[in-house]
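Notes to accompany the following structure.
The values are calculated or read from the model by the stated rules, or taken from the named source; none is laboratory data. Just so it is clear, the model here is predicted, and its values are computed rather than measured. Glycine also receives a Cβ, built like all others from the backbone with ideal geometry; neighbour counts cover every protein chain displayed.
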Amino acid sequence: MIWIKLGILIIGFIYAGFIPLTLRKVLRKLAFNLHEETLSFLSDKSQYDRRIARGYTKLLLLTALLHYAFFWLLSQQYNLGEHETYMLYTSFSFALMALLAFVPHNMEPYSFRNLSSTLKRAIHNLLAFVVFFTLPLLIVLFLTAIIHTYPIMAITGLIIIGITAFLTAYSIFRRGLTGICEIIFIVGVSIWTIFITICTVLFI
């Protein structure tokens, strides 16, 4: 059990800090408008250097691996291996996130004349949309699975992810889907991850 906690501690903090810190470092070097562009624009080779696009792909793929490892370790720590829905969503969200890494964004207009770009753009947007909703759902599944055993931690976690969802939705309502919305979402999930990691390591 100590090794599982150690894994949660290490992966939890890497998972929570890796994306925000990496994005912060990259965006500082680019003329990137978070108020008008989404982060997936970084995968568009027609707008940004190929190295940026490759880096974004690697970032998403590594995030998917960390995501799976973290939630799998949580399943071991909290004995959720037989919770079929939780395990299914853990694998499902990982697969979608990993697949998203290999479907770059593009700004080509939807057209039957350029069917390849149109399909790639449509698939990318669909995957991004599903990933955007799958992760909070997975978090809620985890929290509801442990709420009877660890009510304070679960309720606090639900409050954190609820506030994150509200702020993200409010930002989308005001400005549309932009990089700002995604940053709010990422930071909220990171805060939740740190909270769960600390609670698990220190109090469980």
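Among residues of the stretch 38-69 being over 12 Å from the mean Cα position of the chain (by Cα), among the aromatic types (Phe, Trp, Tyr) and in a helix (DSSP H, G or I), the one that is modelled with the highest pLDDT is TYR56. If you go through the stretch 1-37 and keep only what is more than 30 Å from LEU73 (Cα to Cα) and assigned to a helix (DSSP H, G or I), you end up with LEU27, ARG28, LYS29.
Please go through the stretch 5-51 and give me each residue that is buried (at least 19 other Cβ atoms within 10 Å of the Cβ) and more than 22 Å from PHE132 (Cα to Cα), ordered by number. The answer is ILE8, and nothing else.
Restricting attention to the stretch 169-188, the residues that are part of a helix (DSSP H, G or I) and surrounded by 15 or more Cβ atoms within 10 Å (Cβ to Cβ) total 12.
Scanning the stretch 141-163 for residues that are buried (at least 17 other Cβ atoms within 10 Å of the Cβ), among the β-branched types (Val, Ile, Thr) and without any contact (Cβ under 8 Å) to a residue 60 or more places away in the chain turns up ILE160, ILE161.
Against the numbered list (1) within 21 Å of TYR89 (Cα to Cα); (2) surrounded by fewer than 16 Cβ atoms within 10 Å (Cβ to Cβ), PHE166 comes up short only at (1).
When ASN79 is tested against (1) at negative phi; (2) outside any helix (DSSP H, G or I), only condition (1) is not met. Residues in the stretch 48-105 that are hydroxyl-bearing (Ser, Thr, Tyr), in contact (Cβ under 8 Å) with a residue 40 or more places away in the chain and within 23 Å of LEU9 (Cα to Cα): THR63, TYR78, TYR86, TYR89, THR90, SER93.
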